[in-house]
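Chemist: I'd like to ask some things about the structure below.
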Amino acid sequence: MLHIQNNNTPRPVEKQSKRSRESKRERERTKIRMFSMYPHSTATMGAFATGAGATSTNRKQHHHLRRYLNTFSTNKNNKTRRRSSSRRRKGDERRTMVSAKYSSGLQKLENCVDSGQFDRPMMEELFTIADEMAKVKPGSKDSLLLQGYLMSTLFYEASTRTRLSFESAMGRLGGGIVSTESAGEYSSAAKGETLEDTMRTVESYCDIVVLRHFQAGSAAKAAKVMRAPLINAGDGPGQHPTQALLDVYTIQKEIGRLDGFKIAFVGDLANGRTVRSLAMALTKFNDVEFFFVAPDVVKMKDDIKLFLDERGVKWSESTDLIATAKKVDVMYQTRIQKERFGDRLDDYEKAKGKYIIDQSVMDALSDTACVMHPLPRVDEIDPAVDGDKRSAYFRQAQNGLFVRMALLKVLLLK
Ligand code: CP
């Protein structure tokens, strides 16, 4: 617990003239630096990271930090700190953002391991926040929302979008990043450290951890031993919940609704974690019909089909991509995941290149349909159709930034 009225509390009076010349952002940074000197917060002091802000072993300390900072700046007895009424109103707004309350289950969300954790109201509220995040401008008040927080990205598998969009999301909200490139090679996993030990250690250096791992179930295993929030950035062929969230967000933006539409999943449906996560997320909406188009060796697995049956969701399988394209509102293409085939390279060759989205498929789609792909692509979408207004995959990748900004806010600020 912090004690605000303490004689040892550093007083910034001597910095007053300098502070009056500082920009708003610089003043916020000064607040954080002052807190690092606060004598009753040894853990925070010890973990203080220069530049990026203060670190802490748990979120409560940050809430105390922010409560302390807000109390400090609104201390009316301290004449030198008194603010104008308009300034006070701005401070009140900032406090509201810093201690955000959510009307859905987001209020109780502690981590993001599985797309099944999100019900419809949670997704809708998250998307409203994502819309706000898309408007955050550099240097604005909201660009400092996560100042003082640190996020660790620990990726045991390659990534372009997920890792960079998370790091960009944290940076755009003023937070700091600690990261190891290719965690399997450059973290102590290479020396035989267990995932659990790594996670316990990493969480003590930051406030939230984003993990990508090659084994299904690894995120759930890590979350069990952690106190800091964990975000699953893809666990082998298991789950990729933030991809599912950004995919649902993209569908809403592209076709304008989340009820009463038809979606085709195409490509590697056996190994594609994005397809599995998205299929589960879409069961939370009404009258969504699924069409599966996949080579024999990578057909949709029975567990998802059973999951859909149990929820009364209509699905069918087809081998005719053009006929399917004529029926659907969303065409969700995926890459054949060579890395999941092991030594079954014959199977990979059979699956590769079987279903390609090219101009003939675009011609079969309606004018209002969209084509999505979690990316990266290899050869399953002809680059010649990139310029078609219905090709949404790069917009989809950008939506990942806004959804991940929203998720970081939700998990760090309650
Ligand atoms: N969609 C996706 O997960 O992309 P990356 O593998 O590049 O992160």
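Derivation of every value follows stated rules applied to the coordinates shown; laboratory data play no part. From a predicted model like this one, the values you see are computed outputs, not experimental measurements. Reconstructed Cβ throughout: ideal geometry from the backbone, glycine too, with neighbour counts over all protein chains shown.
Chemist: Give me a comma-separated list of calculated 3J(HN,Hα) values for the stretch 291-304, in order, Karplus coefficients 6.51, -1.76, 1.60 applied at θ = phi - 60°, integers in Hz, x for any Gly or Pro.
Modeler: Once θ is set to phi - 60°, the couplings for the stretch 291-304 become 10, 9, 10, 8, x, 3, 6, 10, 5, 4, 7, 5, 4, 6 Hz.
Chemist: Here's something else I'd like to know. Treat the count of other C-beta atoms within 10 Å as a stand-in for reagent exposure and order PHE394, PHE118 from fewest to most. Please report the intermediate quantities before stating the final value.
Modeler: Values: PHE394 11, PHE118 24.
Fewest-to-most Cβ neighbours within 10 Å comes out as PHE394, PHE118.
Chemist: Give the Kirkwood hydrodynamic radius (Å, one decimal) of the stretch 320-362, defined as one over the mean of 1/r across all pairs of different Cα atoms.
Modeler: Numbers: mean 1/r = 0.0835 Å⁻¹.
It is 12.0 Å.
Chemist: A further question on this structure: For the stretch 175-240, which trypsin sites (Lys or Arg not before Pro) pass both filters: DSSP loop (anything but H, G, I, E, B) and at most 15 other C-beta atoms within 10 Å?
Modeler: In loop regions of the stretch 175-240 (DSSP not H, G, I, E or B), the sparsely surrounded trypsin sites (Lys or Arg not before Pro) are ARG227.
Chemist: Just report the Cα centroid separation between the stretch 232-288 and the stretch 357-402, whole Å.
Modeler: If you average the Cα positions of each part, the centres end up 15 Å apart.
Chemist: Still on this model: Classify the stretch 282-414 from the C-alpha gyration tensor, please: rounded if a/c falls under 1.5, else prolate or oblate depending on whether a/b exceeds b/c.
Modeler: The shape class here is rounded.
Chemist: If we count every other residue with Cβ under 12 angstrom of PHE166's Cβ, Lys/Arg +1 and Asp/Glu -1, where does the sum land?
Modeler: +4
Chemist: What does the charge count around LEU308 come to, taking other residues whose C-beta lies under 15 Å from its C-beta (Lys +1, Arg +1, Asp -1, Glu -1)?
Modeler: Charge balance in the 15 Å sphere: +1.
Chemist: Rounded to two decimals, what is the ratio between the C-alpha radius of gyration of the stretch 122-245 and 2.2 N^0.38 Å?
Modeler: 1.08
Chemist: Which three semi-axes in whole Å describe the equivalent ellipsoid of the stretch 245-344, each the square root of 5 times a Cα gyration tensor eigenvalue, listed largest first?
Modeler: That gives 22, 14, 14 Å for the three semi-axes.
Chemist: So, one more: Using DSSP to define loop residues, name the GluC sites (Glu not before Pro) in the stretch 156-206 whose beta-carbon has at most 14 other beta-carbon atoms within 10 Å.
Modeler: GLU181, GLU193
Chemist: Evaluate E = 1/(1 + (r/R0)^6) for ASP343 and LYS137, where r is the Cβ-Cβ distance and R0 equals 60 Å; express this FRET efficiency to the nearest 0.05.
Modeler: 0.75
Chemist: Please list, in order along the stretch 236-250, the HN-Hα scalar couplings obtained from phi with the Karplus expression 6.51 cos²θ - 1.76 cosθ + 1.60 (θ = phi - 60°), rounded to whole Hz, x for Gly and Pro.
Modeler: x, x, x, 10, 9, x, 6, 5, 4, 5, 6, 5, 5, 4, 5
Chemist: Please report, to two decimal places, log10 I(q)/I(0) for the stretch 366-414 at q = 0.25, 0.30, 0.33 Å⁻¹ as given by the Debye formula with identical point scatterers on the Cα atoms and no solvent.
Modeler: -0.93, -1.13, -1.22
Chemist: Something else now. Calculate, in nm to one decimal, what LEU306 and ASP358 gain on full extension: separation in residues at 0.36 nm each, minus their alpha carbon distance.
Modeler: Taking 0.36 nm per residue and subtracting the Cα distance, the gain is 15.5 nm.
Chemist: Cα-Cα over 31 Å: which of LYS262/LYS301; LYS135/LYS354; LYS253/LYS326; LYS224/LYS414?
Modeler: Values: LYS262/LYS301 20 Å; LYS135/LYS354 40 Å; LYS253/LYS326 21 Å; LYS224/LYS414 21 Å.
Beyond 31 Å between Cα atoms: LYS135/LYS354.
Chemist: Would you please give the residues with an amide H less than 5 Å from that of GLY148, counting only those at least 5 places away or on a separate chain, with H modeled from the backbone geometry?
Modeler: ALA54, GLY176
Chemist: Same structure, new question: Taking the Cβ of LYS338 as the center, what net charge do the other residues with Cβ under 11 Å away carry, scoring Lys and Arg +1 and Asp and Glu -1?
Modeler: Result for the local shell: 0.
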